[in-house]
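Scroll down for the structure; my scribbles are underneath it.
Rule-based calculations on the coordinates, nothing more; no lab input. Owing to the predicted nature of the structure, the values given are computational and were not obtained by experimental measurement. All Cβ positions, glycine included, derive from the backbone under ideal geometry; neighbour counts span all protein chains shown.
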Amino acid sequence: MTPVLSVRGLCKEYPAFRLQDVGFEVQAGRIMGFIGRNGAGKTTTLKSLLHLVHPSAGEISFFGLPLEEHELEIRQRIGYAGGAVSYFKRKKIATLVDVTKSFYTSWDDEAFKRCAARFALDPHKTPEQLSEGMKVKMNLALALSHHAELLILDEPTSGLDPVSREELLELFLRLAREEGVAILFSTHVIGDLEKCADDITYIRNGRILASEPMDGFAAGYRLLRAPEGLSEAQREAVLGECIDRQGSTLLIRAESAALFAGCAPETPGVEQIMIHLEKEGKA
């Protein structure tokens, strides 16, 4: 099956940062979470997909079409939303809708009305009159109103209260399951991933550490309480260590569990994996 989005060998160089050989795929009807620390390369990658940043190397294709040759056609079929609205702050939402709809041949006024009702958006207000959470909802309403086949979302739940976040994640699931929409979203809220993501792509220091189904990613690691007197082989197997009130926890790969007989290793959550790996600095 042709992926909705395919990224191969994506590179971008800045004076103090390098995006190196980034590659992953997003399939129709699946939700992919995109995680990594601040400065790891998430936003640079997403901007590259939208041609807001021009990569130094690499190939990007949507629906089997190269971005370089089919950008206008592709833009009709994808939606993008960042964490907040930062443009035309004093224009009414209704005016911003009229401007936005002129760019899309598939714009659906009824779809926007449904989104506005769901998010309690008042079209007579301006962005500067909205809370940060409502600004996120406005951006999403615009992205959802032209029947996009792929949504690219940068921190879409930023600033949302717990109930609004839950409603948004349920909306993502309905779009993916019922309409076959593919969703790629970056987030620091790992709990959001665990509620709705099918796949995960983890970027670290400008490189992809993993891109695979959520369950498979977590299953590749084990978490255990640190025993006293680690052997040399055990120390080599430790990927990361975190200290808590009960002592410390160690992250290891699943295949290394036999080295820690009697320590009762458990399968960790994505957030636990990320914290241990980033804290220790190992891959």
What is the mean projected area of the alpha carbon convex hull for region 220-280, to one decimal in square nanometres? 3.9
Over region 131-264, with a single point scatterer placed on each C-alpha, what log10 of the ratio I(q)/I(0) does the Debye formula yield at q = 0.15 1/Å? -0.85
Springs between alpha-carbon atoms under 10 Å, Gaussian network over the chain: tell me which of Gln20, Gln272, Gln246 tops the mean-square fluctuations. Gln246
Of all DSSP beta bridges in the chain, what percent run antiparallel (nearest 5)? 65
Could you list, in their original order, any pairs among Lys12/Lys125; Lys42/Lys101; Lys195/Lys279; Lys12/Lys91; Lys47/Lys101; Lys92/Lys195 whose Cα atoms are separated by more than 32 Å? Lys12/Lys125; Lys12/Lys91; Lys92/Lys195
Just tell me the longest site-free run in the chain, where the sites are trypsin sites (Lys or Arg not before Pro) in a DSSP loop having at most 16 other beta-carbon atoms within 10 Å. 126-244
So for the chain, averaging the separation of alpha carbon pairs under 8 Å that are six or more residues apart and normalising by length, what relative contact order in percent results? 21
Does anyone have the angle between helix 132-143 and the longest principal axis of the chain? Alpha-carbon axes, 0 to 90°, nearest 10? 70
Extend 7 Å from the Cα of Arg174 along its Cα-to-C-beta direction; within region 186-211, residues with backbone N under 19 Å of that point are 195-198
Most exposed first, judged by fewest Cβ atoms within 10 angstrom, Asp198, Asp215 run Asp215, Asp198
Contact order normalised by residue count of region 116-272, Cα under 8 Å, 6+ apart, percent: 16
Select from Ala176, Ala237, Ala141 the residue whose mean-square fluctuation is largest in a Gaussian network model of the chain (Cα-Cα springs shorter than 10 Å). Ala237
Name the most mobile residue of Leu259, Leu175, Leu140, meaning the one with the largest mean-square fluctuation, in a Gaussian network model of the chain with Cα contacts below 10 Å. Leu259
Share of Cα-Cα pairs in the chain beyond 27 Å, whole percent, is 46
Which value in Å does the Kirkwood hydrodynamic radius of region 1-143 take, with 1/r averaged over all unlike C-alpha pairs and then inverted? 17.0
